[in-house]
């Protein structure tokens with residue numbers, strides 16, 4: 001049995017999802033809504049993907065800043081990249097498209113802001 005545990009990034013609740021494959025069947029547990037199931041399926045894919053996440057936002061009315069990678073991340077590094085994003089904190093003000101993490105994991109890929117925050 002192959003099992004992965006990670007935080008859902010779809011909504012502010014941040015459910016802890018457990019994804020396992022048993023007899024070639026994908027089993028997803030820990031989600032509180034159906035969006036968590038879809039997120040777990042997309043994260044579990046083996047193809048490279050542009051990743052969307054949220055980093056900590058300081059000195060602003062909202063607590064997290066939505067961000068994305070500028071290019072697709074190799075599947076085997078998705079969890080490391082997401083963990084890095086979750087543990088990053090930035091101070092407002094932020095502009096849309098501003099680089100939040102430069103050259104994440106030495107992949108020549110940046111993580112940028114998806115919105116402007118004053």
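The values are calculated or read from the model by the stated rules, or taken from the named source; none is laboratory data. What you see is a predicted model; the values in this text were computed from it and never measured. We place every Cβ from the backbone using ideal geometry, glycine too, and count neighbours over all the protein chains shown.
Data table
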| item | result |
| --- | --- |
| Residue check, residue 50 modelled with pLDDT of 85 or more and either touching a helix residue (DSSP H, G or I) at 6+ places or on another chain (Cβ under 9 Å) or surrounded by 14 or more Cβ atoms within 10 Å (Cβ to Cβ) (or both) | no |
| Single unsatisfied condition, residue 109 versus (1) in contact (Cβ under 8 Å) with a residue 24 or more places away in the chain; (2) surrounded by fewer than 16 Cβ atoms within 10 Å (Cβ to Cβ); (3) assigned to a loop (DSSP other than H, G, I, E, B) | (2) |
| Members of region 17-47 found to be more than 16 Å from residue 75 (Cβ to Cβ) and either exposed (fewer than 12 other Cβ atoms within 10 Å of the Cβ) or out of contact with any strand residue (DSSP E or B) (no Cβ under 7 Å at 6 or more places or on another chain) (or both), listed by number | 22, 23, 24, 25, 32, 33, 34, 35, 38 |
| Residues being closer than 21 Å to residue 48 by Cα and either surrounded by 12 or more Cβ atoms within 10 Å (Cβ to Cβ) or touching a helix residue (DSSP H, G or I) at 6+ places or on another chain (Cβ under 7 Å) (or both) - total across region 72-98 | 14 |
